[in-house]
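> Below you will find the structure I want to go over with you.
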Amino acid sequence: MHELETTIAAIDLGSSLIKVVSGRVARDNDIEIIGVGTSTCTGIKNGAIINIETTVKSIEEAVSNTELMSGQEIENVIINITGKTIKANNSKGVVAITNKDRTVTENEIKRVIEAAQSIRIPSDQQILHVLSREFSVDDQNNIKEPMGMTGVRLEAEVHIVTAGITTTHNLDKCIELAGLEQIDKVLSSFASSEAVLTSGEKELGTAVVDIGAGITDVVVFIDGGVAFSCTVPFGGNNITSDISIGLKTPVEAAEILKKRFGHTILGEVDPTEKIEVPATSGRTARMFLKQELVKIIEPRVREILEHVNMELEKSGNKSFLAGGIILTGGTSLLNGIDVLAEDVFKLSVGRAKPAGLIGLSERVASPEYSTAVGLIKYAARSHIHAEKKASKWIKSPQDKDNLLKRAWRWMESNI
């Protein structure tokens, strides 16, 4: 396996922070992190662009910081997408295997996936992902790779994700105005799962719950494929807002308190321990019991987790989660959140951060970077798989755009 001829740059467009990570595929398919940059952003709320100019400036700043660290210019990027306009459904398709050998070829796989995605899409939505879950050839089920099998009927189960057209257009515009070319966009939960789940956990049945600043993204893997995904419109910013109101302190101070002293289990906090509200905006510092902070945080976190639990139960997949729940995202750093989650979900719960990296891996060794690192791994997996179909992922600078787009489009339809 040769090394990737260019860096893979990923942009995680978060509701409070924009993160840019650049990496490349090294020997043995390891992901080498070579640059990381961040920038605060007030132009995105709950996954949606609310101020294009502000968002573009934040993207430019984060990209510039990454370029300084890596020493390489960033031109092409892969980005995440999330928010209230994301919708997902499972669908089935059936086609006849009509070639003279009755053998499943790429053509049959393409046809059956096209048949499976022939569902009514609202006029204000567009397809983002069509992911194959499993195939059936005649009466043989649970097939992951039907290529070369013989039969008369091919069926496919797919997970279709759509996004609001306005949302995607605004994201596209921000990337374009920042002077970048967008290679692909990936649902945040899919990206995060690339960073924190093993193939074994996907086969076992595991849900990833990525609790970000404005949105909580959920994806469920069963038998190795995506069985369910959704977004819950609450996140860490809601907790910060509650602290700000409850303790009558500015949002900036509330965020500091949450990160420095936040806890989600009231019974685990010393009832006599005092903490200091930092002095901000002309306000003097003051002391209060830590329990007062936890009394605000615990119910809000429980509410977010209960919304997720409700979605899992409605999906009908919760009973298949032998691998339990994996929490990630910045809000998963709160002390005790795994214990609280076990109480809500009644399943085993773990917390995860990106792993299996080399290079500047310590810079992204936090749940906050799961989406960005997952985007890198998603792109790298596309590269590795595409090499089985072509001699090079990028043959020349002139071929770069078309080949990258074809590779990722094929991956979306077939993996």
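Only the coordinates and a few stated rules stand behind these numbers; no lab work does. Model, not experiment: these values are computed from the prediction. No Cβ is skipped: glycine too gets one built from the backbone with ideal geometry, and neighbour counts run over all protein chains shown.
> Does the stretch 8-15 contain any residue that is in a strand (DSSP E or B), among the β-branched types (Val, Ile, Thr) and surrounded by 18 or more Cβ atoms within 10 Å (Cβ to Cβ)?
yes
> Also: List the pairs whose first member sits in the stretch 293-318 and is on the phi < 0 side of the Ramachandran plot, whose second member is among the β-branched types (Val, Ile, Thr) and surrounded by fewer than 17 Cβ atoms within 10 Å (Cβ to Cβ), and whose Cβ atoms are under 9 Å apart, counting only residues at least 6 apart or on separate chains?
Listed by first residue and then by second, the contacts come to 293/275; 296/245.
> Shifting gears a bit: Does any residue of the stretch 219-234 turn out to be of a type outside the set (S, T, N, Q), under 20 Å from residue 336 (Cβ atoms) and out of contact with any His (no Cβ under 7 Å at 6 or more places or on another chain)?
No: zero hits.
> While we're here: Can you pull out the residues in the stretch 253-292 that are in contact with a helix residue (DSSP H, G or I) (Cβ under 9 Å, 6 or more places away or on another chain), closer than 16 Å to residue 239 by Cα, charged (D, E, K, R) and free of Cβ contacts under 8 Å to residues at least 40 places away in the same chain?
If the condition is that a residue be in contact with a helix residue (DSSP H, G or I) (Cβ under 9 Å, 6 or more places away or on another chain), closer than 16 Å to residue 239 by Cα, charged (D, E, K, R) and free of Cβ contacts under 8 Å to residues at least 40 places away in the same chain, then 255, 290 are the ones that fit.
> Further, regarding this structure: Name the strands (runs of 3 or more DSSP E) wholly inside the stretch 85-196 in which the number of residues that are exposed (fewer than 14 other Cβ atoms within 10 Å of the Cβ) is 2 or more.
Qualifying strands (runs of 3 or more DSSP E): 87-96, 140-143.
> Counting only residues that are in a loop (DSSP other than H, G, I, E, B) and under 20 Å from the mean Cα position of the chain (by Cα), how many does the stretch 43-59 have?
Adding up the residues that qualify gives 3.
> Can I ask one more? Condition check: of a type outside the set (A, V, I, L, M, F, W, C), closer than 29 Å to residue 205 by Cα and in contact with a helix residue (DSSP H, G or I) (Cβ under 9 Å, 6 or more places away or on another chain). Does residue 126 satisfy that?
Yes.
> Where residues in the stretch 240-252 are in contact with a helix residue (DSSP H, G or I) (Cβ under 6 Å, 6 or more places away or on another chain) and of a type outside the set (Ser, Thr, Tyr), which of them is farthest from residue 333 (Cα to Cα)?
246
> Which one of these is under 21 Å from residue 212 (Cβ atoms), under 18 Å from the mean Cα position of the chain (by Cα) and among the small types (Gly, Ala, Ser): 88, 62?
Just a single option satisfies the conditions, and that option is 88.
> Follow-up. Among the residues of the stretch 197-206, what is the count of those that are touching a residue at least 40 places away in the same chain (Cβ under 8 Å) and in a loop (DSSP other than H, G, I, E, B)?
Residues flagged as touching a residue at least 40 places away in the same chain (Cβ under 8 Å) and in a loop (DSSP other than H, G, I, E, B) within the stretch 197-206 amount to 2.
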